[in-house]
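Reviewing the structure listed below.
The values are calculated or read from the model by the stated rules, or taken from the named source; none is laboratory data. Since we're looking at a predicted model, the values are computed, not measured. Don't worry about glycine lacking a Cβ; one is built from the backbone with ideal geometry, like all the others, and counts go over all protein chains shown. Just the protein is used for accessible areas: all its heavy atoms, side chains included, with ligands, DNA and RNA removed. Shrake-Rupley method; radii C 1.70, N 1.55, O 1.52, S 1.80 Å.
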Amino acid sequence: QVQLVESGGALVQAGGSLRLSCAASGRTFNTYTLGWFRQAPGKEREFVAAITWIRSTYYADSLKGRFTISRDNAKNTVYLQMNSLKAEDTAVYYCAAARTTYGATRGTDYAYWGQGTQVTVSS
């Protein structure tokens, strides 16, 4: 059974940092593209970042420079380092895995999803 489990969400003050982790189990995702999405209350889910198996990275334009995605294939884990957090970053963050070796920025590209972790940024 494939599972993606996010962790690291928390309440943090504006300007602070968090690192989210997503551990995958049930299969090896070494050749998959791994991504992060987020959904704020009352808003649609949006793309945050993605990383391919050769570690090419893709980011939402509005987040470039503040967020960094990385992966550890030996641990079957993907990370999202978030710096200079703002109140508008408050959302549930989801990790996902796509059966592609290319960069994937659409939710429909992803076959597997985690349950989400809450990030709240207080201003």
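Using the reciprocal of the averaged 1/r over all distinct C-alpha pairs, how large is the Kirkwood radius of the range 36-83 in Å? Spell out each step's value before the answer.
Numbers: mean 1/r = 0.0865 Å⁻¹.
Radius from the Kirkwood sum: 11.6 Å.
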For R71 the rounded accessible area (nearest 10 Å², probe 1.4 Å, non-protein molecules ignored) is 20 Å²
What is the extension gain from R19 to A60, computed as 0.36 nm multiplied by their sequence separation minus the C-alpha to C-alpha distance, in nm to one decimal?
-> 13.0 nm
Relative contact order (%) - criterion: Cα under 8 Å, at least six apart; region: the range 22-123 = 32 percent
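For the chain, give the percent of accessible area contributed by carbon and sulfur heavy atoms, probe 1.4 Å, rounded to a whole number. Don't jump to the answer; show the numbers that get you there.
Working: 2920 of 6340 Å².
Taking all protein chains in place, the chain shows 46 percent carbon and sulfur surface.
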Dipole of the chain (Lys/Arg Cβ +1, Asp/Glu Cβ -1, origin at the Cα centre): which of V121, I54, T100 lies farthest to the positive side?
-> I54
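Just to be sure I understand: of the beta bridges DSSP finds with both ends in the range 44-116, what percent are antiparallel, rounded to 5?
Details: 11 of 12 bridges.
Of the beta bridges lying entirely in the range 44-116, close to 90 percent run antiparallel.
About the Cα centre of the chain, how large is the charge dipole given +1 on each Lys and Arg Cβ and -1 on each Asp and Glu Cβ? Please answer in debye to the nearest 20. Each step should come with its number before you reach the end.
Values: 13 positive and 8 negative charges, 45 e Å.
It comes to approximately 220 debye.
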At a 1.4 Å probe radius, which order do V78, V12 fall into by accessible area, largest first?
-> V12, V78
Hey, rough spin-label estimate for A111 and V2, points 7 angstrom out along Cα→Cβ, what's it come to in nanometres?
-> 0.5 nm
Candidate residues E46, E88: accessible-area rank, largest first, probe 1.4 Å = E88, E46
Length gained if N30 through Q81 is fully extended, taking 0.36 nm per residue and subtracting the Cα-Cα distance, is 16.4 nm
